[in-house]
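As structure tokens, the structure follows; a few thoughts come after it.
The values are calculated or read from the model by the stated rules, or taken from the named source; none is laboratory data. If you're wondering where the values come from, they're calculated on a predicted model, not measured in any experiment. Here the Cβ is made from the backbone with ideal geometry for all residues, glycine too, and neighbour counts use every protein chain on show.
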């Protein structure tokens, strides 16, 4: 299986399908998840929470394949969308299992519940090479972007609902979702934004995640994540942790080389230190197609 941990399919490989017998007469209609024995033999994988998350992730792929096949289009969407949707299935299942429909915190997701997946691994610029439209970001920043889009459409709570979901709304469009160049603008347009506006708002939400009081976010109408509350994550793994590698010192000179992928962002943090000031200099002019923002949080 190479480096993967598992995948879902119908039938006997290599002639597997993702459709029902109504679409493909030779379909077994038996969804199978194949696991990578080498990966799952590792000590870190010996827990029910991770296995539950993986099974949910892979079955989500299979469910998406059926949506596309019934619409008469290829059985998957663009690679960044396919993995991002499956990752969102993991985080939604974790919220449901822990009784946290919205504003969830990870500490309440126990080892007996599905793992919420990797949706927050790229926050605060921790994976600067992982843009939402990049292969490297498909399980992290792509999933963040989709969750952000879903929230912009008003779909924050994981509680069961009768209204059409964001997933159903976008896939109702007669579009080839494997086409990366048309998929990205279509996603932004679904919430009334341009591609550049979506990227900018998502970046601001991601770099300030867990760092601002709720009243400040509301008063200033700042973009933020609402499905989860990342405050405790910002303390344990983010900029509020003194060992966070994205923090710079105010007492010595430092040089930082930032590389930002298409649709992505990078960030550095300088924490308050009594009355010490800072002096910034750009050694090389930034790419004019990008945005450089200095944000003071207090």
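Details
- Residue selected from region 217-242 under the condition in a helix (DSSP H, G or I) and without any contact (Cβ under 8 Å) to a residue 12 or more places away in the chain, by the criterion farthest from the chain's Cα centre (by Cα): 219
- Cβ-Cβ under 9 Å pairs, at least 6 apart or on other chains, region 200-216 side touching a residue at least 24 places away in the same chain (Cβ under 8 Å) and at positive phi, far side buried (at least 22 other Cβ atoms within 10 Å of the Cβ) and assigned to a helix (DSSP H, G or I): 210/123; 210/124
- Meets criteria (modelled with pLDDT under 90, out of contact with any helix residue (DSSP H, G or I) (no Cβ under 7 Å at 6 or more places or on another chain) and not in a loop (DSSP other than H, G, I, E, B)) for residue 196: yes
- For region 140-178, a tally of residues being closer than 11 Å to residue 81 by Cβ and either in contact with a strand residue (DSSP E or B) (Cβ under 9 Å, 6 or more places away or on another chain) or not in a helix (DSSP H, G or I) (or both) returns 2.
- When the residues of region 76-99 are filtered to those that are in a loop (DSSP other than H, G, I, E, B) and in contact (Cβ under 8 Å) with a residue 24 or more places away in the chain, the one that is farthest from residue 184 (Cα to Cα) is 76.
- Residue in region 263-276 that is in a loop (DSSP other than H, G, I, E, B), exposed (fewer than 10 other Cβ atoms within 10 Å of the Cβ), modelled with pLDDT under 80 and under 25 Å from the mean Cα position of the chain (by Cα) present: no
- Per-region count, region 116-137, residues in contact (Cβ under 8 Å) with a residue 24 or more places away in the chain, touching a helix residue (DSSP H, G or I) at 6+ places or on another chain (Cβ under 9 Å), more than 17 Å from residue 232 (Cα to Cα) and not in a helix (DSSP H, G or I): 6
- Residue among 283, 291 that is more than 26 Å from residue 133 (Cβ to Cβ) and either modelled with pLDDT of 80 or more or surrounded by fewer than 18 Cβ atoms within 10 Å (Cβ to Cβ) (or both): 283
- Residue count for region 20-44, restricted to those that are surrounded by 15 or more Cβ atoms within 10 Å (Cβ to Cβ) and either within 23 Å of the chain's Cα centre (by Cα) or modelled with pLDDT of 70 or more (or both): 5
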